[in-house]
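Novice: Below is the structure I would like to discuss, written out as structure tokens.
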Amino acid sequence: MAFDGTAAGTPPAVNEAVDLTAGLPGRTGAVGGIESLVLDGRRLFFGFDHSSDQVLSPLIDDEGAMARFAAQHMRQRTGAHDEPYWAQLVRSSVDSSDLVWRDEQRTFTTGALETGNAGAAHGHLMYLLDAATVWEAHTPDDMGARSTVANWSLLFAPYTRGTGGTANR
């Protein structure tokens, strides 16, 4: 099951379920690994391309669904792999991360994000915001609008609400 955004306190903008059969536009077939974070005590998994610092999947709260998504839409340097291969990487992401050294750097609470106080996770949050951001330029001279891919606003919306609408602190 995808994290469907129906939990209490979830921003209205993310109340729709994420379609895991579709990859993220422009990121399907990319080489990456599996990372995870904890939001309000709930483990969320995601695909991540470490070489380009890009998020490759929605936030997914089910190990099996993450493995299926990765098998369908992600690659490793050795090519495509099956669900059991990815399932092992999903399980490994619970105990280790190639993005942060300490677990508290990838553990968030909505309350702390709403106050703009992510503590030890602040730097990682800013990094993830950049990695999950898509810029949409409308003209060559336009900087465009910034939006997050898939359901990543689950993580960022409380933070931006608590800081007067901007995550650029």
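Novice: Leaving ligands, DNA and RNA out of it, rank M126, M66 by accessible area with a 1.4 Å probe, largest first. Provide the component values of the computation, followed by the final result.
Specialist: Working: M126 45, M66 0 Å².
Descending accessible area places them as M126, M66.
Novice: Okay, next question. Counting only heavy atoms of the protein chains, get the accessible area per residue of the range 56-121 (1.4 Å probe) and round it to a whole Å² value. Can you show the working numbers first?
Specialist: Details: 3420 Å² over 66 residues.
Ligands and nucleic acids excluded, the result is 52 Å² per residue.
Novice: Return the sequence-ordered ³J(HN,Hα) values of the range 35-51 in whole Hz as given by the Karplus equation 6.51 cos²θ - 1.76 cosθ + 1.60 applied to θ = phi - 60°, using x for Gly and Pro.
Specialist: 10, 8, 9, 10, 10, 6, x, 10, 6, 10, 9, 7, x, 9, 9, 5, 6
Novice: Can you list residues whose amide H is under 5 Å from L39's amide H, if they're 5+ apart or on another chain and H is modeled 1.01 Å from N?
Specialist: L44, F108
Novice: Residues with amide H under 5 Å of M74's amide H, sequence separation 5 or more or different chain, H placed in the peptide plane at 1.01 Å from N; which?
Specialist: For M74, the qualifying residues are G29.
Novice: At 0.36 nm per residue, minus the direct Cα-Cα distance, what do E114 and H81 gain on full extension? Give it in nm, one decimal, please.
Specialist: Value of the extension gain: 8.0 nm.
Novice: On to the next question. What net charge do the residues around R27 carry, taking every other residue with its C-beta under 14 Å from that of R27, with Lys and Arg at +1 and Asp and Glu at -1?
Specialist: On the way: positive: R75; negative: D49, D53.
Here the count lands on -1.
Novice: Hand me the chymotrypsin sites (Phe, Trp or Tyr not before Pro) from the range 42-113 located in a DSSP loop with no more than 11 other Cβ atoms within 10 Å, in residue order please. Let's see the in-between values first.
Specialist: Values: sites: F45, F46, F48, F69, Y85, W86, W101, F108; in loops: W101.
Loop-located and lightly packed - W101.
Novice: Between Q72 and Y127, 0.36 nm times their residue separation minus their Cα-Cα distance comes to what?
Specialist: Working: separation 55, 0.36 × 55 = 19.80 nm, distance 2.59 nm.
17.2 nm is the gain from fully extending Q72 to Y127.
Novice: What does the extension gain come out to for S51 and D19, with contour length at 0.36 nm per residue minus their alpha carbon separation?
Specialist: On the way: separation 32, 0.36 × 32 = 11.52 nm, distance 2.56 nm.
In short, 9.0 nm is gained.
Novice: OK, next. In nm², what is the average projected area of the convex hull enclosing the Cα atoms of the range 20-90? Don't skip to the answer; put the middle values down first.
Specialist: Values: hull surface 17.6 nm².
Taking the Cα atoms of the range 20-90, their convex hull projects to 4.4 nm² on average.
The values are calculated or read from the model by the stated rules, or taken from the named source; none is laboratory data. Bear in mind that the values here come from a model prediction, so they are computed numbers and not experimental data. Here Cβ is always computed from backbone atoms with ideal geometry, including for glycine, and neighbour counts include all displayed protein chains. The area values use the complete protein model at the heavy-atom level, side chains included, leaving out ligands, DNA and RNA. Shrake-Rupley method; radii C 1.70, N 1.55, O 1.52, S 1.80 Å.
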